[in-house]
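Computed from the coordinates by the stated procedures, all read-outs in this text should not be read as laboratory data. All values reported here derive from a predicted model rather than from experimental measurement. So basically every Cβ, Gly included, is an ideal-geometry build from the backbone, and we count neighbours across all protein chains shown.
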């Protein structure tokens, strides 16, 4: 992938995101998931009992979109939403056994992405690279 402007950092960030998503998408197809569904399952596995608002923030999705995604994943048996006794307004989200079977494969796919990316950046430069990415993220 090339950009018309070799000095356009934001364009390179976009191209890196596209390449990353393609890498992950190709591996997720065999699980019958898209990248958003995989990130959803991974997030819930890492944060059992989380609420919809937190998942929506993590995935950068609107509440209505998140509701539909959660309903679809619940219908497939990957997760469940439960109403806690102390707060009937916010359902907690948990991975079900069928979804749990996918968690390890999903984590392996994202680990392989991490390995591929970190192999490309010399160890001595990784801390500075991450620091610069944080500066970009924090300023936007």
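The figures follow:
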{"quantity": "Residue match in region 90-98 (condition: within 30 Å of residue 11 (Cβ to Cβ) and free of Cβ contacts under 8 Å to residues at least 40 places away in the same chain)", "calculated": "no"}
{"quantity": "Tabulated pairs, region 30-51, first at positive phi and touching a residue at least 24 places away in the same chain (Cβ under 8 Å), second surrounded by 15 or more Cβ atoms within 10 Å (Cβ to Cβ) and outside any helix (DSSP H, G or I), C-beta under 8 angstrom, 6+ apart or interchain", "calculated": "49/92; 49/93; 49/94"}
{"quantity": "Residue check, residue 40 in a loop (DSSP other than H, G, I, E, B), farther than 22 Å from residue 10 by Cβ and within 14 Å of the chain's Cα centre (by Cα)", "calculated": "no"}
{"quantity": "Of all residues making up region 93-128, the number that are more than 19 Å from residue 31 (Cβ to Cβ), in contact with a helix residue (DSSP H, G or I) (Cβ under 8 Å, 6 or more places away or on another chain) and assigned to a helix (DSSP H, G or I)", "calculated": "3"}
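To keep it simple, each residue is scored yes or no on (1) assigned to a helix (DSSP H, G or I); (2) within 13 Å of the chain's Cα centre (by Cα); (3) exposed (fewer than 15 other Cβ atoms within 10 Å of the Cβ).
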| position | (1), (2), (3) |
| --- | --- |
| 19 | yes, no, yes |
| 22 | yes, no, yes |
| 44 | yes, yes, no |
| 61 | no, yes, no |
| 77 | no, no, yes |
